[in-house]
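This report concerns only the one structure given below.
The values are calculated or read from the model by the stated rules, or taken from the named source; none is laboratory data. Here the structure is a predicted model, which means the values were calculated and not measured. All Cβ positions, glycine included, derive from the backbone under ideal geometry; neighbour counts span all protein chains shown.
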Amino acid sequence: MRDWNPNKKGAVAELAIQLAARRAGIGVYLPSVEHTRADMLFEIEDRLLRVQVKWGRLERRGEVLVVHLSGSRCTPRGYVRSTYSQTEIDLVGVYSGELDRCFLLPVGLCAGRHAVQLRLTPTRNNQRACINLADYFDFDGAVAQLARAPEWHSGGRGFESPQLHSSEEGSDPTIVGSELFGKQVGYWMQRAACGEQITVTFRGRPRVRLVPINPPLLQAA
């Protein structure tokens with residue numbers, strides 16, 4: 001696979017994502033022409049979702065899967081490289097040839113970015129905030145989350161991610177003591193930034209509530 005050119009890797013990745021989708025019972029539709037922003041459409045229940053497919057490359061001794069997101073499209077001025085936006089795609093399907101494994105990323109995690117890293121192993125310093133663990137975006141699990149929560153693809157959250165899974169509207173806030181909060185400020189800020197309600201207590205009494213300045217946008221089903 002090291003000798004494969006980008007076109008061959010792209011073709012193999014698309015076939016792998018199609019196969020994973022069909023095994024999951026998803027209808028797959030392909031464009032009739034090349035160089036469109038979406039490589040295929042997924043039919044999940046009553047929705048059609050635009051999917052861009054990328055090849056994931058192993059780095060750091062197999063600890064990290066790097067997904068390059070920059071796309072290339074033909075314009076009257078020639079080929080232009082650009083990132084993807086939430087108005088162009090809904091999901092990014094990722095295939096790792098080395099792992100023979102598929103992942104499905106929400107556009108909220110990928111929009112405007114040139115690359116995303118999925119961590120295959122825990123960090124050595126046990127960092128959890130701002131880490132995208134690959135298991136949270138496993139293809140079958142992500143498909144199940146899409147069926148349960150139509151807005152998942154716009155929020156940038158892992159389907160079972162404890163640090164990036166926002167609370168449902170109206171649910172009870174997550175409560176954390178001030179001592180633990182002080183030791184993991186970045187972790188709790190990341191959870192709050194993704195929409196989770198975090199209440200910080202001092203000696204058992206609520207003192208501070210964390211809310212995001214810009215709440216995650218949820219798209220209608």
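Here is the figure for the stretch 29-60: residues that are within 22 Å of Thr87 (Cβ to Cβ) and assigned to a strand (DSSP E or B) total 14.
When the residues of the stretch 1-28 are filtered to those that are exposed (fewer than 14 other Cβ atoms within 10 Å of the Cβ) and part of a loop (DSSP other than H, G, I, E, B), the one that is modelled with the lowest pLDDT is Arg2.
A count restricted to the stretch 49-72 and to residues that are farther than 21 Å from Tyr136 by Cα and either loosely packed, with under 13 Cβ neighbours inside 10 Å or out of contact with any strand residue (DSSP E or B) (no Cβ under 7 Å at 6 or more places or on another chain) (or both) stands at 2.
Looking across the stretch 123-142 at every residue that is at pLDDT below 85 and in contact with a strand residue (DSSP E or B) (Cβ under 8 Å, 6 or more places away or on another chain), the one that is surrounded by the most Cβ atoms within 10 Å (Cβ to Cβ) is identified as Ala142. Of all residues in the stretch 93-122, those being touching a helix residue (DSSP H, G or I) at 6+ places or on another chain (Cβ under 7 Å), under 17 Å from Gly62 (Cβ atoms) and at pLDDT below 85 number 0.
When you go through (1) without any contact (Cβ under 8 Å) to a residue 40 or more places away in the chain; (2) in a loop (DSSP other than H, G, I, E, B); (3) in contact with a strand residue (DSSP E or B) (Cβ under 6 Å, 6 or more places away or on another chain) one by one for Ile89, which number turns out not to apply? So the condition that Ile89 fails would be (1).
Within the stretch 46-63, can one find any residue that is over 22 Å from Leu120 (Cβ atoms) and out of contact with any Leu (no Cβ under 8 Å at 6 or more places or on another chain)? Taking every residue of the stretch 46-63 in turn, at least one turns out to be over 22 Å from Leu120 (Cβ atoms) and out of contact with any Leu (no Cβ under 8 Å at 6 or more places or on another chain).
Taking the numbered list (1) within 25 Å of Lys8 (Cβ to Cβ); (2) of a type in the set (Gly, Ala, Ser); (3) surrounded by 11 or more Cβ atoms within 10 Å (Cβ to Cβ) in turn, Gly78 passes all entries but (3).
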